[in-house]
Amino acid sequence: MTDTQVYRVYIKATPEAIWDAITKPEWTRKYGYTGLADYDLKPGGRFAVHPTEELKGYGVTGDMVDGEVLEAEPPRKLVLTWKLVMAPEFADEPYTKLTYDIEETKTAGTRLTVTHDVTGAPGTAAMVSGAGEDITAPEGQNAGGGWNWVLSDLKSLLETGKTLTGS
């Protein structure tokens, strides 16, 4: 498995809409793993993903992801450290580096590129690659589709108003 994973999707939405969907909890609660993103959008600012009430009902009580903002250039670029903190099997893994690049194209909408440097974090690398894609979470949600699934769900939500699971 490679230490740097790159995922790209083209979305029929403005860079501002994509930025908001990545950084605002009213959006992040709707797609992917449905956590509540919490950013202090300045270098050195805290980043965390908190569980929704629904996730708390499934036993997720603490933060899901933790990190620090390294760079924020709304609505074009966001760089942060990233660590899954809700699962004990990832406790010994280091923080990884996650970069969102948002670029409006002339012909194909807006290109969102996610680059995840997972050096030294093999469990994280496997999870974000979608290696656990066949695992099913409660309510039929995909528990292991990784970045490909999250970005597909985000694209669907922004373009159609509905996620891949139809909500």
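The values are calculated or read from the model by the stated rules, or taken from the named source; none is laboratory data. Because the structure is predicted, anything quoted here is derived from the model rather than measured. Counting neighbours? That spans all protein chains shown, and the Cβs are built from the backbone with ideal geometry, glycine included.
Quick notes on this one:
- Enumeration of residues in the range 88-115 that are over 19 Å from residue 38 (Cα atoms), aliphatic (A, V, I, L, M) and without any contact (Cβ under 8 Å) to a residue 60 or more places away in the chain: 91
- Residue 87 satisfies every condition listed in (1) in contact with a Leu (Cβ under 8 Å, 6 or more places away or on another chain); (2) loosely packed, with under 14 Cβ neighbours inside 10 Å; (3) of a type outside the set (D, E, K, R) except (1).
- Within the range 82-92, tally of residues that are over 21 Å from residue 44 (Cα atoms) and either charged (D, E, K, R) or within 15 Å of the chain's Cα centre (by Cα) (or both): 3
- Unique residue being buried (at least 20 other Cβ atoms within 10 Å of the Cβ) and over 16 Å from residue 154 (Cβ atoms) when the list is 51, 43: 51
Yes or no, residue by residue, for (1) at pLDDT below 95; (2) buried (at least 16 other Cβ atoms within 10 Å of the Cβ); (3) within 11 Å of the chain's Cα centre (by Cα):
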{"site": "127", "(1), (2), (3)": "yes, yes, no"}
{"site": "134", "(1), (2), (3)": "yes, no, no"}
{"site": "138", "(1), (2), (3)": "yes, no, no"}
{"site": "146", "(1), (2), (3)": "yes, yes, yes"}
{"site": "155", "(1), (2), (3)": "no, yes, no"}
{"site": "160", "(1), (2), (3)": "no, no, no"}
{"site": "163", "(1), (2), (3)": "yes, yes, no"}
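- Residues that are charged (D, E, K, R) and either in a strand (DSSP E or B) or under 22 Å from residue 149 (Cα atoms) (or both), drawn from the range 90-117: 97, 101, 103, 104, 111, 117
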